[in-house]
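Below: one structure, written as C-alpha coordinates.
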Amino acid sequence: MAERDEYPEPHAESDRELGRAVQISATVFLAIVIVVRLRRITHARSRVDEAFTVFTAVVFGVLIAATAWGHAILQFVGTAVDATH
(Lines give C-alpha, C1' and ligand atoms only; values in the text may rest on other atoms or scores of the structure.)
Protein backbone atom coordinates (compact mmCIF):
# COMPACT_ATOMS: atom_id res chain seq x y z
CA MET A 1 0.00 0.00 0.00
CA ALA A 2 1.38 3.40 -0.94
CA GLU A 3 2.03 5.80 1.90
CA ARG A 4 -0.36 8.70 1.68
CA ASP A 5 0.55 12.16 2.92
CA GLU A 6 -1.83 13.00 5.76
CA TYR A 7 -1.02 16.70 5.78
CA PRO A 8 -0.57 18.20 2.33
CA GLU A 9 1.86 21.07 1.88
CA PRO A 10 0.20 24.45 2.41
CA HIS A 11 -0.13 26.64 -0.63
CA ALA A 12 2.20 29.57 -0.14
CA GLU A 13 0.13 31.80 -2.39
CA SER A 14 -3.11 31.26 -0.46
CA ASP A 15 -1.30 31.75 2.86
CA ARG A 16 -0.01 35.14 1.71
CA GLU A 17 -3.46 36.14 0.51
CA LEU A 18 -4.98 35.14 3.84
CA GLY A 19 -2.36 37.14 5.76
CA ARG A 20 -2.98 40.16 3.57
CA ALA A 21 -6.75 39.90 4.04
CA VAL A 22 -6.31 39.77 7.81
CA GLN A 23 -3.94 42.74 7.72
CA ILE A 24 -6.32 44.83 5.63
CA SER A 25 -9.26 43.89 7.83
CA ALA A 26 -7.37 44.92 10.97
CA THR A 27 -6.37 48.17 9.28
CA VAL A 28 -9.94 48.98 8.30
CA PHE A 29 -11.14 48.11 11.81
CA LEU A 30 -8.56 50.41 13.40
CA ALA A 31 -9.44 53.22 10.98
CA ILE A 32 -13.09 52.95 12.01
CA VAL A 33 -12.15 52.91 15.71
CA ILE A 34 -9.98 56.03 15.26
CA VAL A 35 -12.70 57.93 13.41
CA VAL A 36 -15.33 57.04 16.03
CA ARG A 37 -13.02 58.02 18.91
CA LEU A 38 -12.01 61.32 17.32
CA ARG A 39 -15.62 62.34 16.67
CA ARG A 40 -16.37 62.33 20.40
CA ILE A 41 -16.37 65.53 22.44
CA THR A 42 -12.79 66.26 23.49
CA HIS A 43 -13.29 68.02 26.84
CA ALA A 44 -14.35 64.83 28.64
CA ARG A 45 -11.29 62.71 27.76
CA SER A 46 -8.96 61.27 30.37
CA ARG A 47 -5.23 60.71 29.88
CA VAL A 48 -5.84 56.99 29.46
CA ASP A 49 -8.45 57.69 26.80
CA GLU A 50 -6.07 59.98 24.90
CA ALA A 51 -3.20 57.50 25.23
CA PHE A 52 -5.39 54.72 23.84
CA THR A 53 -6.34 56.88 20.85
CA VAL A 54 -2.68 57.67 20.17
CA PHE A 55 -1.71 54.01 20.52
CA THR A 56 -4.48 52.99 18.10
CA ALA A 57 -3.34 55.61 15.58
CA VAL A 58 0.28 54.41 15.79
CA VAL A 59 -0.73 50.78 15.27
CA PHE A 60 -2.86 51.89 12.31
CA GLY A 61 0.15 53.69 10.84
CA VAL A 62 2.32 50.61 11.20
CA LEU A 63 -0.29 48.41 9.52
CA ILE A 64 -0.90 50.78 6.62
CA ALA A 65 2.81 51.47 6.00
CA ALA A 66 3.30 48.14 4.21
CA THR A 67 0.45 48.72 1.74
CA ALA A 68 0.25 50.64 -1.52
CA TRP A 69 -1.77 53.32 0.28
CA GLY A 70 1.00 53.70 2.84
CA HIS A 71 3.60 54.19 0.12
CA ALA A 72 1.38 56.72 -1.67
CA ILE A 73 0.88 58.68 1.57
CA LEU A 74 4.62 58.63 2.24
CA GLN A 75 5.35 59.92 -1.26
CA PHE A 76 2.70 62.66 -0.92
CA VAL A 77 4.04 63.80 2.45
CA GLY A 78 7.60 63.76 1.10
CA THR A 79 6.55 65.91 -1.85
CA ALA A 80 4.74 68.34 0.47
CA VAL A 81 7.78 68.62 2.72
CA ASP A 82 10.07 69.24 -0.27
CA ALA A 83 7.71 71.93 -1.53
CA THR A 84 7.73 73.80 1.79
CA HIS A 85 11.52 73.94 2.14
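The range 42-85: D in µm²/s via Stokes-Einstein (Kirkwood Rh, Cα pairs, 37 °C, 0.692 mPa s)?
Roughly 266 µm²/s, to the nearest whole number.
How would His85, His71, His43 rank on accessible area, largest to smallest, probe 1.4 Å?
Result of the area sort, largest leading: His85, His43, His71.
The values are calculated or read from the model by the stated rules, or taken from the named source; none is laboratory data. For clarity, every value in this text was computed on a predicted model and none was experimentally measured. Ligands, DNA and RNA are stripped out before the accessible areas are found, and what is left, the full protein with its side chains, is counted by its heavy atoms. Shrake-Rupley method; radii C 1.70, N 1.55, O 1.52, S 1.80 Å.
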